[in-house]
1. Which pairs turn up if I take residues in the range 225-248 that are part of a helix (DSSP H, G or I) and look for partners that are modelled with pLDDT of 95 or more and charged (D, E, K, R) with beta carbon separation below 6 Å, at least 6 apart in sequence or on another chain?
2. Scan (1) assigned to a loop (DSSP other than H, G, I, E, B); (2) out of contact with any helix residue (DSSP H, G or I) (no Cβ under 7 Å at 6 or more places or on another chain) for the single condition Leu260 breaks and write down its number.
3. Take the range 269-286 and flag every residue that is in a loop (DSSP other than H, G, I, E, B) and surrounded by 16 or more Cβ atoms within 10 Å (Cβ to Cβ).
4. Among the listed residues Phe67, Phe105, identify the single one that is closer than 27 Å to Lys219 by Cα and either among the basic types (Lys, Arg) or at pLDDT below 95 (or both).
5. Take Tyr212 and tell me if it is in contact with a helix residue (DSSP H, G or I) (Cβ under 9 Å, 6 or more places away or on another chain), within 30 Å of Leu251 (Cβ to Cβ) and not hydrophobic (A, V, I, L, M, F, W, C).
6. Can you name every residue in the range 126-155 that is within 18 Å of Met277 (Cα to Cα) and part of a loop (DSSP other than H, G, I, E, B)?
7. How many residues, within the range 249-262, are surrounded by fewer than 20 Cβ atoms within 10 Å (Cβ to Cβ) and in contact (Cβ under 8 Å) with a residue 60 or more places away in the chain?
Amino acid sequence: MNYKIFVKPKKNNNYIVSLLVGRKVKKEWESFSKDLCVQYCKNNKIGMIVIYKNFIKRGANYSNPVFNKFLFGDYLENNLKFVKNVCYLDHDILCNPLAPNIFNFLKSKKFNVVSKYKNTPYPQTDDFLKRRAAFFRKKYYQESFPLDSALTITRRQTYKYHKWPDLGDYFCSGLIMFNLKNHSKFLKKIFEKYEKSNLTTLTKGEEPIMNYELIRTKKINWLNYKFQVLWLLEMNSKYPFLYKFKNNRQLIKECILNSLSENYFVHFSGKWPEGQMWKIRKILSKKDLKFYKKFNLFLKRKLKSKPRKELIKFYNK
């Protein structure tokens, strides 16, 4: 089986797409991400497709499955012609089912992505948050963790490493939204170009190449950061105490729920413990969902905020 359609709306050709190459990735998505993603798609009447096929040939220079991001669009355009626009999501992204339809923000002639550096909501700098992550990893996770590593690399240093000019911004390739007709063949050509030259990237993955080639087209629509909140930054800004309480699953769950309720998609990347915290079954219960639905309705309600004659008394139960 090359793919599976989990949600197919009658009158919509916009689809969320995830690539699940290998049993481990497939099992993780089905156990922890699937339910929230499917709920999100149904709520917004958009489609959901999972692709299991590995488009990378055996023995190819770029054998890492992440390079399939350059190729799946061409496959869909040729084989599933009812799909017009796609939003690719990494398998370790949790969706808020109550979030708005991301395709309402699509610009079909551009690549639609989320910046890692600009318009983030954190009061701390990117450098501070990454340095905190390094320092706390060494303290609470592994004493041998180096305080000076690629974890704290800047955007400028990333471009310089590949001998490219600094293009002024950088996105996380865990989310990419685009129109198949306008962009799938362009993405395939990028893969063919670099697969032939066999460029070794800083991350050993596709993200640096995708940033350089896409941003320099100047056809980028920068989406709201809420559509791809990076958990490493989110945690180090709001919940750094989770390093100390790394074994408290209930506390971790409550923090994730809080971030999910305030945002649209939350991305947990990496093999370190922070990036594994999303692996909680049924993380958003029906009861939780009902609560946040009521809260969202309350946020839209007009309030008089009229002072009362007497102070409101608190009755301790």
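The values are calculated or read from the model by the stated rules, or taken from the named source; none is laboratory data. These numbers were taken from a predicted model, which means no experiment stands behind them. Note that each Cβ is placed from the backbone with ideal geometry, even for glycine, and that neighbours are counted across all protein chains shown.
1. So the pair list comes out as Leu232/Glu274; Met235/Glu274; Asn236/Arg132.
2. Result: Leu260 fails condition (1) only.
3. Ser269, Met277, Trp278, Ile280, Ile283, Leu284
4. Testing whether each residue is closer than 27 Å to Lys219 by Cα and either among the basic types (Lys, Arg) or at pLDDT below 95 (or both) leaves just Phe67.
5. It is false that Tyr212 is in contact with a helix residue (DSSP H, G or I) (Cβ under 9 Å, 6 or more places away or on another chain), within 30 Å of Leu251 (Cβ to Cβ) and not hydrophobic (A, V, I, L, M, F, W, C).
6. Gln142, the sole residue that qualifies.
7. Number satisfying all stated conditions: 1.
Conditions (1) out of contact with any Asp or Glu (no Cβ under 8 Å at 6 or more places or on another chain); (2) surrounded by fewer than 18 Cβ atoms within 10 Å (Cβ to Cβ); (3) within 30 Å of Trp29 (Cβ to Cβ), marked per residue:
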| site | (1), (2), (3) |
| --- | --- |
| Asn101 | yes, yes, yes |
| Asn104 | yes, yes, yes |
| Lys107 | yes, yes, yes |
| Pro123 | yes, yes, no |
| Gln142 | yes, yes, yes |
| Pro146 | yes, yes, no |
| Phe171 | yes, no, yes |
| Ser197 | yes, yes, no |
